[in-house]
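Every number in this text was worked out from the coordinates using simple rules, so none of it is lab data. Computed from a predicted model, the values in this text were never measured in an experiment. Neighbour counts are summed over all protein chains in view; Cβ atoms, including those assigned to glycine, are modelled from backbone coordinates with ideal geometry.
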Amino acid sequence: MPWRGDSLDLANTYFRGKGHSGWNAGVGNPLDLGAVRWDSTIGANGKWTTSRTTGQDGNTTPQDDVVFGAKVYSPVDGFVVGCQKEVDDNGNASGSIVSGNHVNILTSDGRMILLAHLRDNTIPPGVCPNTVDLVTTSGANCVPNVSGSKRLPVDTILTTPVEIHKGDFVGEVGFSGNTSNPHFHIQVKSVTTDSQGELCLGDDEVIEFDESWRQATADLTPLTDSWTAFAGNAGVFDNTQEYLLLSDPLGARVDTLDIEEGTIPAIVMTNPSTSGGVVAYKNASNNFTAMGFVFDANGDFDLGTPDVKGSVSDIALAKISTSSRHVVAAVRNGSNNLQIIPYFVETDGDLIEGTGETRSGIGFVEATRSPSHDGVVVAFKNSSNTLSVYDYEATVSGTNVAVDLLGNDVSSDTISDVGVAAVTAGRGNAETTGAFKGVVTVERRTDNSMWVRTWAISAAGVVDDIDVEQAKDASNTAISVAEVDVAVVGDTSREFAVVSARTQAGNLVVQTWEIATTGALTRLEHASPGAIGALGSAKVGTQDALTAVADSGGNLSLISWSVSPKVGSTAGGLLRRVGTRLFGGISAVAMDGRPATDEAVIVVRNSSNDISLLHHRTNYSAAR
């Protein structure tokens, strides 16, 4: 859908639609969407209203409408081929063509996406360089004149089409063109080229929605917890039933559970058959605390018995394999030693400590599953302030999980932060056979530069430092960072690294990296969405990553990214922002996702300094 979870700026506000002016949008017609806000002060029990004003049943002016000013984003990759952006927000009185301020986006598969009735002067010049103030003449007939076929209005056509990507900002919802109320219009048409070489718009096509949610509603019906995931079609819009719409692959929250005061949260979701995971943190007494959790039939958290140990200053968790429910905690204890604590996780979430080990002299620590056998890989700052990577085998006997160090390697560069993720199918876009197995690390060095590195890990646990590349921005300038993290997305045919960082200036940077079968690294895409505080990331869909950040206001912002797979001769690794959800204040965050069961769990230190668990359903699309 062409908006995100943060497009509307008021609480308890959702887009709403049912069709288009007497037409059924589910069978190949356009769709009109407004927005409503639940106001509990209207009537006896509350009501949905279009007004921004508390207690007002219906908006009094266009600017009072909750949809006015809502941010719109491109739902596709393509080229803007026609647009206008300077029509006044006075509806039918503007004298403009029907669509008012709008963009027409041509996709590579021959479809035209119209996003219309946008707000005056909110379409960026880089998206719409058209300087015509007011277009009053509609498109001419195609040649030859086929019934219903039209060209674009000539004054809207761009001499040079503008490339646009899925997730790029397009403008704000306004009150321009042929409309009696602020709303947003989306339409999909087939496109051909007529006999004179002009684009020719044909029949309307069914609008296909994914990575979003719907809920049937009525004016007096409050919001419920029951959301239905869209699965590629808009057939529900029959111009009769109204639907509330949540346009984000990260769905509504299923449960929230505050545990106790603490910090340094860590989390891992385990084998789907157990429907749960393990959370760990430093409690108010500075002691390490770990506990398992499972979900009940409603998706609510059910915690196991906590395991509390001595003082701790850093914590990481990793599962020992993709098919196991058992985990390993890697911590920096109060003596600044590396402590490896394996846990057998019972089906009710209780933990049984296994046979671990302790090694002296470390700084911070991160962990991921081993890519080559049951076990974990631990990355940490060693006593020389450089990066060490240790590969541990994990064996399960009865209820005991034991770890054994198989191999390790070390870099020669001093570091200040690290992230690590397992790679099992590293394969370049140009490669068709072979696969790199190992881990990818992202390092913040002591000069604040960011570097990405691959480490090969054999089935016997031999660890080899393979390649290291400095992370630079789109203009090839070195990036100065304060915090780093990494996730790996993809399937058994090919995986990509998604590197996230908080810069020294306080901005989020996200990049995709290709990993060749040799372990060689190549940066593919770069994005910088804005200012953040805390940072975490995880794989949440087969081709999707979620970055959890504290935004510039200290609130939790969950940003979804899709990473395109390689399809035929089209290279993979394209990075697209597909969603954003905003929540309350936090100061620390960690997260994990489970694509197989369409869910994600986030653990935060909230504004009350409590460790809080958040459970969300997800709807990440396999179609790209």
Test item: Cα-centred dipole of the chain, Lys/Arg +1 and Asp/Glu -1 on Cβ, debye | 520
Relative contact order of the stretch 432-473, defined on C-alpha pairs under 8 angstrom at six or more residues apart (%) = 32
Using a Förster distance of 45 Å, how high is the FRET efficiency between Ser475 and Leu405, based on the Cβ-Cβ distance and rounded to 0.05?
-> 0.60
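If I take every Cα pair under 8 Å that is 6 or more residues apart in the stretch 352-486, average their sequence separation and divide by the length, what percent do I get for the relative contact order? If you can, show how the numbers build up before the last one.
Working: 344 pairs, mean separation 27.2, N = 135.
Reported relative contact order: 20 percent.
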Using eta = 1.306 mPa s and T = 10 °C, Stokes-Einstein with Kirkwood Rh from Cα pairs puts D for the stretch 440-523, in µm² s⁻¹, at 119
Ordering 343-352, 30-39, 425-434, 295-304 by per-residue average of other C-beta atoms within 10 angstrom, highest first, gives 30-39, 343-352, 425-434, 295-304
Listed by chain and number, the aspartates and glutamates with an alpha carbon less than 14 angstrom from that of Lys309, same-chain partners under 8 positions apart left out, are Glu353
Equivalent ellipsoid semi-axes for the stretch 134-197, as square roots of 5 times the alpha carbon gyration tensor eigenvalues: give them largest first, rounded to whole Å.
-> 24, 17, 13
Dipole moment magnitude, nearest 20 debye, the stretch 568-624 about Cα centre, only Lys, Arg, Asp, Glu C-beta charged | 260
Going from the alpha-carbon gyration tensor of the stretch 228-315, what semi-axes, largest first and in whole Å, does one get by taking the root of 5 times each eigenvalue?
-> 38, 14, 11
May I ask which of Lys282/Lys566; Lys381/Lys566; Lys472/Lys566 have a Cα-Cα span longer than 31 Å here?
-> Lys282/Lys566; Lys381/Lys566
Where the centroid of each part is defined by its Cα atoms, how far is the stretch 486-518 from the stretch 275-346 in Å?
-> 26
Might you report the magnitude of the Cβ-based charge dipole of the stretch 427-481 about its Cα centre, with Lys and Arg at +1 and Asp and Glu at -1, to the nearest 20 debye?
-> 120
Sorted by mean Cβ packing within 10 Å, highest first, what order do the peptides 240-250, 197-207 take?
-> 240-250, 197-207
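In percent, what relative contact order does the chain have, based on Cα pairs under 8 Å that are 6 or more apart in sequence?
With pairs under 8 Å counted, the relative contact order is 10 percent.
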